[in-house]
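Derivation of every value follows stated rules applied to the coordinates shown; laboratory data play no part. Everything numeric in this text was worked out from a predicted model, so none of it was measured. Glycine gets a Cβ as well: all are built from the backbone with ideal geometry, and neighbour counts include every protein chain shown.
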Amino acid sequence: MGLFENHLLSVILFTPLAGAILLLLVPRAWDDAHRILGNVFGVLGFVVSLPLLARFHAGVAGYQFKESAEWIPSIGARYTLGIDGISFLLVLLTTLLGMISILSSWSAIQSRKKEYYILFLLLQTGMLGVFMALDFFLFYVFWEVMLVPMYFLIGVWGSERRLYAAIKFFLYTLAGSVLMLLAILAVYFNAAKAGAPYTFDVPTLLAAVQQFPDSLKVWLFWGFFFAFAIKVPMFPFHTWLPDAHTEAPTAGSVILAGVLLKMGTYGFIRFSLPLLPADPALRARIIHIVIVLSLVGIIYGALVCMMQKDMKRLIAYSSVSHLGFCTLGIFALTPHALSGSVLQQINHGISTGALFLIVGVLYERRHTRLISEFGGLSTPMPNFAAVYLIITLSSLGMPLLNGFIGEFTILRGAFEVNKAWAAWGALGVILGAAYLLWLFQRVMFGPVTKPENEKLPDLNWREYATLLPLVALAFWIGIYPKPFFRYLEKPVQEIVERVNPGYYKAEPAKLPAAAAETQPAATAPASGAAPEAQPIGTAR
Amino acid sequence: MTPTGYFLGHIWLIPLFPLATAALMLLLGRRLSNGAVSVLCVGSVFVAFVHAAGAVLQLLAVDPAHRAVQIILFDWVPAGPMHTSAGQVVQFVADWGLLLDPLSSVMVLVVTGVGFLIHLYSIGYMGHEGGYYRYFGYLNLFMFAMLTLVLANNLLLLFVGWEGVGLCSYLLIGFYFLKKSAADAGKKAFIVNRIGDAGFLLGIFLIASTLGTIRFTNQGLPDPAAYSGILQALEAAVHGGALAYGAPVLTAIGLLLFVGAVGKSAQIPLYVWLPDAMEGPTPVSALIHAATMVTAGVYMVARMNALYQLAPAALEVVAVAGATTAVFAATMGLAQNDIKKVMAYSTISQLGYMFLALGVGAFSAGIFHLMTHAFFKALLFLGSGSVIHALSGEQDMRKMGGLWGRIPVTAKTFLVGTIAIAGIPPLAGFFSKDEILGKAFEHSPVLWVVGFVTAGLTAFYMFRLVNLTFFGASRVAHDVEHHIHESPGTMTVPLVILAALSVVGGWIGWPAALGGGNRFEKFLEPVVAARTVEHAEAAAHGGANEYLLMLASVGVALAGIWLAFQFYLRKPATPEKIAAAAPWLYRLIYNKYYVDEIYDAMFVNRTKDLGTALGVFDAKIVDGLGVDGTGWLARFTSSVSIWWDKWIVDGLVNLTGRLVRMLSYPVRMLQTGVLSSYALLIVLGLLALLGYYGNLMRHLAR
C-alpha cells in the first residue's frame, strides 16, 4: 500500500478530517449516525497511527516519515511533515486521547450531535498538524485552525458561563499567536537576508537562527515565548485555563488538558530552545526568569488547588502545577530534565485526562461538579473508587505509576543544574499529595451524606473503555518506562547538544567499576548538533 | 565461592507471591469466599517466608565474605547520561534488582515471618468485618512493597517500596473509611510521610550527583567489575582523595536521607502521624506501625552505614534525634488511656532507641533491636487486639481491668511481651537494649543517661498498662462483661509463637561479656563493618563498665515496674494525687505537649490560608486586574476610539459637510423652484448684463 508507505503522516493527519467531511454529508435526521460515525473515525484515527509504532526507528536521529510537497511557491511555504521521538509520542497521545474523548461524549452530548462530532474531528486534525508540521507557515495554520473548533466546543456545548470562557480562551490564545506570527516572519526575513532562499522550512530556519545576533534572538525568543507560555499555560498567563476547563464539556477538557497544553511545551522545545542567545550571561538571565515562573507555577497552582470548591477548577489548577514541572524540565537543559519533561507531558495527558473523565462520570450522574455535593461515593461506586484512586496516585507521583518517573527525572535533571530548583519542585510534590488526597477523601470517603448519592450506578462498560486504557498506560510507564526513554534519547541528545554544547563530550567517568555503564552515548558523534557546537567541557 | 541454590536464584519470587495474591484480591476478591481469601493470602506469605528462609540458609552455607547475592531483572529507569558533580558523564540507570546479604536477610525473615503470623491472626480478628478480601488485598500489597523495600539493590527501588508501604499504610489506616477520623488519619500519615520523602528524594539526587550511582553495591553480581555501587564509589572517592572523612557533601546526604527516615520511622518532628494511625485495624498497627514499615528508616540508615561512617556530624544528629524522641515519646506514653495509643508512643520511643544505636555507630545493635522489637511489639499489639476483641471493641483502659483469668492465653503472652520490652533478662529486649545502652555510653554518657531514663519510663508505662488491663478490679461495662471470651486459635497461636520468640529471640545476640558469642553481630559484620579508623577504634573499645551498665539498666527497669505496681495496684489514688499536685504538667503530657495543635496552627492552617489567599489573588489580581483588566482596557480604548471616531474623525468629515452646506446656503436660497421668481431673476440679470455692457460700450466708444 503505497499511500501508507510514503504518506503515513498525511493519512494520520487527514483521517479525522475525512471523517468530518463525511459527517457533513450525513443528513441531520439520522440521529445516531453521527455519533456512531464520529466514534468510527475516532477509532480509525487511532488505528492508522499504530503503524508508527512498528516503523518508527527509535535509535535514529532527525525527522522520520518526512513528506514534502509544493504548497505556496511564491512565498516558499511547503507542505512538509515529519516527526522525531518527541512528536512521535505526542502524536500517539493525541490519537489515543482523541479516540477516548470521542467515546466519552457518547451520552454526554445530546444536542447538535452532527456539529459536535464534525468539530471534534476537525480539532484532531488541527492538533496533529501542529505536532507534525515541519514548515513554519503550515505550523501556524494548524495552530490557528485548531482554535476555531475548540472555541465552538466550549461555547456551544459548555456549561453556564461557556460564552465568557470561550471568548476568553480564544482572545487570549490569539493574542499570543499574533506575537508568534511576527516572530515567525522575522525569522523568515532575517534568514533570507543572510542569503538563504525564502523558505519556511523549520530545520533550515532553525539552523539559520544560530547565526543571528543575540540581540535579535532575544526579541524572537520573547515573541515565541508569549504564544507558548499562554498555551502551556505558565504563571501568570494561566487564568484562561480554569475557565475553559470548567466550562468545556468533558471531552473538551480531556483534549484541552491532554493535548492542547502540550502544544505550548512542544513549541518551547522545538522553537524556543534554539532561540536562546549564545551569550552565557544573557542566556542565564532568560532561563532564570522562565524557571522562576515555572517554580512559582508549581507551588502557586498547588496552593490555589486547596481552596477550590469545583472539582474541575481544582484539576485545572493542578494542571498549572504539573505543567510547571514540564517547563522546569525543558529549561533546565539537561538530558534527564528534558526527557523527563516530555515523559511528564505524556503522563499529564494520561493522568489529568483520566481525572477529567472521572469528573465527567460524576457530572453525568449528578449534573454538578461541586465537591461539597459528594462524599462517601466509595460505598455506592466501589469500582469507580478503585479507578479514581489509581489515577489520583498516578497524578501525585506514586512510584510504579507514570507520574513518578516523570517527576523524578525532571527534578534529578534540574538538581544537576541548581539544587534549589529541585528543592522547590519537591515542595510541589508534597503539596500535590495534599490537594489530591484531600479531594479524594472529600468525594469518596466517609458516609454518604446526600440522599441523591446513595444509589449512584457504578461505572458502565463505556466508562471502563475510556478509563482502563489510561490506567494500563499509567502502570506501563511506571513499571517499564524504558521504551519511552529509548524514543526520547536521540532527539533529546540532539537538542541538548545544540543548546548546551559539549554536554555529551565531557570527560567520561573513569571509575573502573562504572566503565561498562558509560555507553557509547558519551562519545557519540553529534550528528544533529549545530555546526559550531564545540566541546568546551562542562558548564559547571 | 559464590552462593548458589534454587532459593538464592529465585529471591525475586519472594515479593512476587504476595503481589500475585494482592492483585487477585483487588481484581476478583469480591467473588471469593472468606475461606479462599484466607488460604490464598496467608498461604502466599507463608510461601514467601519459606523462600526467604531457604535463601538465607543457602546464603549461610558460604563463608561470610561472600554472603551476597544480587539479581538484576531489568533496567527500570534508564534516564540516560548525566553529569556528576566532578564533571564526569555517567549513564544513569536504576535497575529493578534484588540484593540478599546478611542485612536484608534479617529484614526479609522478620518481614515474612512476623508478617505471616499477623496474617494468620487477621483471619480470626477480621473474620466478622466487611471488606475481608479488600483487607487482605491491601495487606498482601503491603508485603510486596515492604519486601521490595528490603530487597531492593538501589535507592530508587527502595524508594518504590518506601512509597508503596506508605500507600498501603494510607489504605489500611483508612480501612474504616466511613469514619472521618480514620480517613483523616490516613491522609495525615501520607502527607507527613511525603514531607520526609521530599528530603529522601533530594538525598538520592545528591548521591547520584556525587557518586554517579545509586546502586548499593556491586557485590553478589556475576560480573561485579561491570557495575558501579555506592560502596565501591565511596571507597574509590576516599581512596582517590575526592572525598574525605566528614566531607560536607556526605553530611548533607546523610541528613537528607535521615529526613526521609524521620518521616517513615516517626521521629521528632514528624512522629505526629503514628498515634493517629492507630485508627487502622489492630493487626495493621502490629504489622505496619510496629514491626515492619516504621522500621524502614532504621533499615535504610543501616543500609547506608558506609556513608554515615564518613559523615560523623550526620550520625551525631541521628543519635541526638533518636535519643530525644525516645524519651519524649516515653513521657507521652505515661498518660494515655487508649491502649493502642500507649503502644503507639512506645513504638515511637523504641524506634528512637534504634536510631540512637545507629547514631553512635552501633549499626548491628540497631538492627538487633529492630528484630527483637518486631517480636515483642507485634506480640503486644496483637495482644491488645485480642483484649479489644474480647471486650467488643473497647480500647479505653479505664474500662478494663481484672482480665487476667478471663483471657488467660492473651494475658500470659502479653505479660511475656511486657517483660521483654522492659528489658529484663533473659528475654529478648534485654539483650538488644543493653547493647545499645552500652554503645551509647562509650559514645557519650549524656546519651546513655537519656536511654537509661527512657528504659525506666518504658518499664513503668508498660506495667501501668498491664496493671490497668489485666489486674485489679474489673471496670468493664456491664453489657460487655458477659461477652468476654478468649480469642480463637488463629489468634492465640501467633501470640504464643511471638511470645516464644520474645523470650529466645535475643539469645543469638548473647554478648561476649556474659559468655556468649554475639552471633548476630558477627552475621551482620560483612555489611556494617567499621570502615573508618574512628569507627574501628570505637568498636574496639572495651567493656570495662559493661556489667555495671547492665546492672543499672536492669535496676531502672525493675524500679519502673515497682512504681507501676505501687501506683496502679497498691495505691490507685497516687496518680490522681500527682496529677493534682502539678495539673499543668499533667495536662501538658495528657495533651501530648499540644504538638498537633501547634503544627495545625503553624503549618496546616497557614498552608490552607495561603491557598485561600492565593485563590483570591488569582481571581482578583491575576485574572481580575490582569486579564479582565486588559479586557476592560481594550473596551475602554475601543470606546475612546469610538468617541474619537465619532467626534474627531467623523466630526471632521461632518464639519466639512457642514461648511459646504453653510457656504452653499445663500446660493441655495436662490433655488426656490418658483417659475415667476426665476423669470424675475432672468429679467434682472438681463438688465444687469445690459447695464454692464452698455457701460462697457460707452467706455469703448469714448
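Structure notes:
- Cα-only Debye scattering, the protein assembly as shown: base-10 log of I(q)/I(0) at q = 0.07 Å⁻¹: -0.74
- For residue B:522, the aspartates and glutamates whose Cα falls under 18 Å of its own Cα, not counting residues fewer than eight places away in the same chain, are B:63, B:101, B:434, B:435, B:537.
- Cα-based Kirkwood hydrodynamic radius, the range B:418-479, one decimal, Å: 13.1 Å
- Cα-based helix-to-principal-axis angle, A:461-479 vs chain A, degrees rounded to 10: 40 degrees
- A protection proxy built from the mean count of other Cβ atoms within 10 Å ranks the segments B:446-454, B:266-274, B:599-607, most packed first, as B:266-274, B:446-454, B:599-607.
- Quotient of the Cα radius of gyration of chain B and 2.2 N^0.38 Å, N being its number of residues: 1.50.
- Formal net charge of residues neighbouring residue B:578 (Cβ-Cβ distance under 15 Å; K, R +1; D, E -1): +4
- Over all other residues within a Cβ to Cβ distance under 13 Å of residue B:424, the charged ones net out to 0, with Lys and Arg as +1 and Asp and Glu as -1.
- Principal semi-axes in Å for the range B:389-439 [√(5λ), Cα gyration tensor, largest first]: 30, 12, 8
- Other residues whose C-beta falls under 13 angstrom from the C-beta of residue B:256 contribute a net charge of 0, scoring Lys and Arg +1 and Asp and Glu -1.
- Hydrodynamic analysis of the range B:171-292 uses the Kirkwood radius over alpha carbon pairs. Inserted into Stokes-Einstein at 10 °C and 1.306 mPa s, it gives a translational diffusion coefficient of 96 µm²/s.
- Cross-link pairs beyond the 31 Å C-alpha cut-off, checked among A:419/B:592; A:113/A:455; B:264/B:620; A:455/B:608; B:264/B:433; A:482/B:264: A:419/B:592; B:264/B:620; A:455/B:608
- Per-residue mean of C-beta atoms belonging to partner chains within 10 Å, peptide B:192-201: 5
- As an equivalent ellipsoid, the range B:25-148 spans semi-axes of 36, 22, 11 angstrom, where each value is the square root of five times an eigenvalue of the C-alpha gyration tensor, largest first.
- Note on the range A:206-340: Rg/Rh from C-alpha atoms, Kirkwood Rh, equals 1.02.
- For the range A:184-240 versus the range A:42-99, the gap between their alpha-carbon centres in whole angstrom: 22 Å
- Across the range B:455-589, the fraction of Cα-Cα pairs farther apart than 24 Å, rounded to a whole number, is 59%.
- Violating pairs (Cα-Cα greater than 23 angstrom) within the set B:179/B:377; A:66/A:490; A:66/A:231; B:341/B:377: B:179/B:377; A:66/A:231
- Candidate lysines - alpha carbon under 19 Å from residue A:217, same-chain residues fewer than 8 apart omitted: A:193
- Ordering of A:370-380, A:276-286 by burial proxy (mean other Cβ atoms within 10 Å per residue, highest first): A:370-380, A:276-286
- The value of relative contact order for the range B:476-607, using C-alpha pairs under 8 Å at least six residues apart, is 8 percent.
- Sequence-separation-based contact order of chain A, relative, with Cα cut under 8 Å and 6+ spacing, percent: 14 percent
- Order by protection proxy (mean Cβ within 10 Å, highest first), peptides B:486-493, A:96-103, B:221-228: A:96-103, B:486-493, B:221-228
- Helix axis angle, A:8-25 relative to chain A longest principal axis, alpha carbon, degrees: 40 degrees
- Counting only Cα atoms, chain A measures 69, 55, 42 Å along its principal axes, largest extent leading.
- Against the main long axis of the alpha-carbon atoms of chain B, helix B:489-504 sits at an angle near 70°.
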